[in-house]
Amino acid sequence: MSNAACDPRFKILFEPVQVGPRTARNRFYQVPHCNGLGHLHPTAMATMRGIKAEGGWAVVSTEQCEIHPSADSASLVELRLWDDRDLPTLELMAHKVKEHGSLAGIELVYSSYAVASLYSREIPLGPSHLPVQTPHQDPVQCRAMDKDDIADLRRWHRSAVRRAVKAGFDIVYVYSAHNLSVLFHFLSRRWNHRTDEYGGVLENRVRLLREIIDDTRDEIAGDAALAVRISVSELVGDRGLETHEAEDAIGMLAELPDLWDVTLSDWANDSQTSRFAPEAAEEPFVNRIKKLTTKPVVGVGRFTSPDTMVSQIRRGILDFIGAARPSIADPFLPKKIEEGRIDEIRECIGCNICVAHDEHSVPIRCTQNPTQGEEWRKGWHPEQAAPKQSDDKVLVVGAGPAGLEAALHLGQRGYDVILAEKSRELGGRVAREARLPGLATWGRVRDYRETLILRMHNVQTFLESGLDTREVIEFGFARVAIATGAHWRRDGVARYHQRAVPGLEERCLTPDDIIAGRRGGERYLVYDDDHYYMGGVIAELLAAEGLQVTYVTTSGLVSPWSVAALDQHRIQKAVMEACCSVHVSKGLIEVHDGSVVLECVFTGATTEIKCDSVVAVTARIPNDTLFVDLKARRSEWVEAGVKSVDLIGDAYAPGTIAAAVYSGHSYARNLGARIDGDAVPFKRELTKLEGHP
Ligand code: ADP
Ligand code: SF4
């Protein structure tokens, strides 16, 4: 770790900024983001936020915080401020942030069309009678608000503001952004069909937002700053809110808040994956906001490059560098810039694994940062490593994401580590997959680890060093971690078929083959029974080479798991545009020379398709032979000095890159610890029973 001082070019990022009655100590601003912890795992949530404050973010905000049970987000896990009983959770979060000298922000929300209130069973209220827009397409409609309902909403918001200030928050949000807030729904003519003074012309659609800003200002009474978060486009042209309208709205309200937080709507446009949007992609939509107001402006753009950040400030686009994902991937990003440790930044790769798990209502996780969500329950701090427990030497076999992360964290703990890699490069699947269309940014998983490992004296890396069982035993390392990855199957077994597809194995190409450059003929059929990104990118790759590609999936959608990662619709568009034809809900049942037979997964009706090659994107098989052989020779371990052999990452069970990194990290954290295999391996916060001692 170098101790260089802040590069003078980046000093501008560390200027304080006034936000109403508060001063942010620098320009790094963690904007509100969901995390699947929320009200269900409050201490975990508060600890995660506190670590970001420790890492230098001058403002650390909550996720969306519901103000009333009639718009409850279940089954999503968010925060609640329904009554005083919710205060302790919010107080804890504010405290954890403020104890590091940061400002705590809270995003109050009434979600209307974005929720189905499945927990409370109340009817969500909205500007108009419209079905809710929830991930499960729940059969629930919002009730159009009358004047009494509007008065109720204003009162609920006031109460929540009062409680937020009581809980100690420095910045209180009025939320009119994304497709997630009633105020945004009033603002956009797409969602607001009213004919009274709250609908129609923009002045009317802004009315409720203005009233709630006035109420909030009144309620905070100088004890906190008031932020307005607003979306400046829905990217649907004149069917929804357009940027010129949003700018007019901001112009009408210009000086009323203490800060403007500007975004795109919906969330999928605001948190685009790196496959579809580069860093700073929102600039064309937000670059005129600062001309409309004297108040500071924060915006996002998956900012990880300090040069880009400085450019945003110097060119007058933003005053604060807003971040959700970059702060998840590296809670210490500001500190690393301040201390001249730029190459130690764990850059977000834009994969949206974080978002996907929030959408699954489970604790947040991150591909790059294996400690995310584990700060409290496992006591994992993103920048701290427990000293080694012994002088045991460790051999890590395989330098994919699991092996790299294990070697890195073991090195940080002070262990002497040898990292042996069979191929000519570090990175394993990440190095290979980063060459596929749109996935180059994923190479950061390797880059970050490689940079740090190569400068560690206690971690030695050997390329072109494929090891066999005899060598591992002869080397006699006390600890051996096997991170030898996995390979794609050739027999068609995955989700649809649990038995081999006749004729496939002998004629099959796999993603491994395609990445290695193997081709066969002009007409390809990509058979996707994996349902994540690989089928789509293989189809895109082959089509980009001018080959004829037919894409077939057993699912009703292309890449359905990506719905939770917010880019399924973009993937489906890309695949439909790249391929000659797309067949959904079809299983592959026979493969012949020059043709295949598909069956409809519902009716069983068959279709024959001509093709030269079938690429099966199905399931993977762990490369665990080395581990199995070593275990079979356990009797030789003691004499050789081997104390333990563990299987990690895809070699244990093929999964996401995030899972492989986590597995490697977990191995390194736990090495030398006494683990009770029968105990729950983390702390839990249990619901307190009401009315029972
Ligand atoms: P993971 O996602 O679990 O990290 P990867 O497939 O990305 O798995 O990486 C596994 C790495 O292990 C690959 O780079 C591969 O070349 C390497 N490898 C596989 N078998 C051996 C071996 N016997 N000795 C050394 N390296 C190996
Ligand atoms: Fe970035 Fe992926 Fe981590 Fe989310 S999970 S913060 S997108 S690296």
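The values are calculated or read from the model by the stated rules, or taken from the named source; none is laboratory data. Because the structure is a prediction, the values reported are computed rather than measured. So basically every Cβ, Gly included, is an ideal-geometry build from the backbone, and we count neighbours across all protein chains shown.
A compact table of results
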item: Residue in the stretch 172-191 that is surrounded by fewer than 16 Cβ atoms within 10 Å (Cβ to Cβ) and either in contact with a helix residue (DSSP H, G or I) (Cβ under 9 Å, 6 or more places away or on another chain) or part of a helix (DSSP H, G or I) (or both) present; result: no
item: Enumerated strands (runs of 3 or more DSSP E) restricted to the stretch 471-571, each holding at least 1 residues that are among the β-branched types (Val, Ile, Thr), crowded, with 23+ Cβ neighbours inside 10 Å and over 24 Å from the mean Cα position of the chain (by Cα); result: 479-482, 523-528, 548-553
item: Failed item in (1) outside the structural domain of residue 427 (by TED's automatic domain parsing); (2) within 18 Å of residue 651 (Cβ to Cβ), with residue 499 passing the rest; result: (2)
item: Any hit, the stretch 232-239, residues being buried (at least 19 other Cβ atoms within 10 Å of the Cβ) and within 23 Å of residue 150 (Cα to Cα); result: no
item: Flag if residue 377 is surrounded by fewer than 24 Cβ atoms within 10 Å (Cβ to Cβ) and either charged (D, E, K, R) or touching a Leu at 6+ places or on another chain (Cβ under 7 Å) (or both); result: yes
item: The stretch 635-686, subset among the charged types (D, E, K, R) and touching a helix residue (DSSP H, G or I) at 6+ places or on another chain (Cβ under 7 Å), residue farthest from ligand 2 (Cβ to nearest atom); result: 636
item: Members of the stretch 94-144 found to be without any contact (Cβ under 8 Å) to a residue 24 or more places away in the chain and touching a Pro at 6+ places or on another chain (Cβ under 7 Å), listed by number; result: 132, 141
item: Among the residues listed as 668, 673, 653, 660, the single one being in contact with a Gly (Cβ under 8 Å, 6 or more places away or on another chain) and not in a strand (DSSP E or B); result: 660
item: The stretch 391-406, subset touching a strand residue (DSSP E or B) at 6+ places or on another chain (Cβ under 9 Å) and under 14 Å from residue 458 (Cβ atoms), residue nearest to ligand 2 (Cβ to nearest atom); result: 406
item: Candidates 411, 403 - the one that is in a helix (DSSP H, G or I) and within 16 Å of ligand 1 (Cβ to nearest atom); result: 403
item: Candidate set: the stretch 240-261, residues that are in contact with an Asp or Glu (Cβ under 8 Å, 6 or more places away or on another chain) and within 19 Å of residue 294 (Cα to Cα); chosen: the one surrounded by the fewest Cβ atoms within 10 Å (Cβ to Cβ); result: 252
item: Single unsatisfied condition, residue 429 versus (1) buried (at least 23 other Cβ atoms within 10 Å of the Cβ); (2) within 13 Å of ligand 2 (Cβ to nearest atom); result: (2)
item: Single condition residue 384 does not satisfy, out of (1) part of a loop (DSSP other than H, G, I, E, B); (2) out of contact with any strand residue (DSSP E or B) (no Cβ under 6 Å at 6 or more places or on another chain); (3) in contact (Cβ under 8 Å) with a residue 24 or more places away in the chain; result: (3)
item: Conditions (1) within 27 Å of residue 353 (Cβ to Cβ); (2) more than 16 Å from ligand 2 (Cβ to nearest atom): number failed by residue 689; result: (1)
item: Matching entry among 454, 436 (being buried (at least 17 other Cβ atoms within 10 Å of the Cβ) and at pLDDT 95 or above); result: 436
item: Those residues of the stretch 604-620 which are part of a loop (DSSP other than H, G, I, E, B) and under 21 Å from residue 560 (Cα atoms), in sequence order; result: 618, 619
item: In the stretch 327-366, the residues that are in contact with a Phe, Trp or Tyr (Cβ under 6 Å, 6 or more places away or on another chain) and either within 7 Å of ligand 2 (Cβ to nearest atom) or assigned by TED's automatic domain parsing to the domain that holds residue 661 (or both); result: 349
item: Residue 443 being more than 9 Å from ligand 1 (Cβ to nearest atom) and at positive phi; result: no
item: Search result, residues across the stretch 204-229 that are part of a loop (DSSP other than H, G, I, E, B), under 11 Å from residue 161 (Cβ atoms) and over 34 Å from the mean Cα position of the chain (by Cα); result: 221
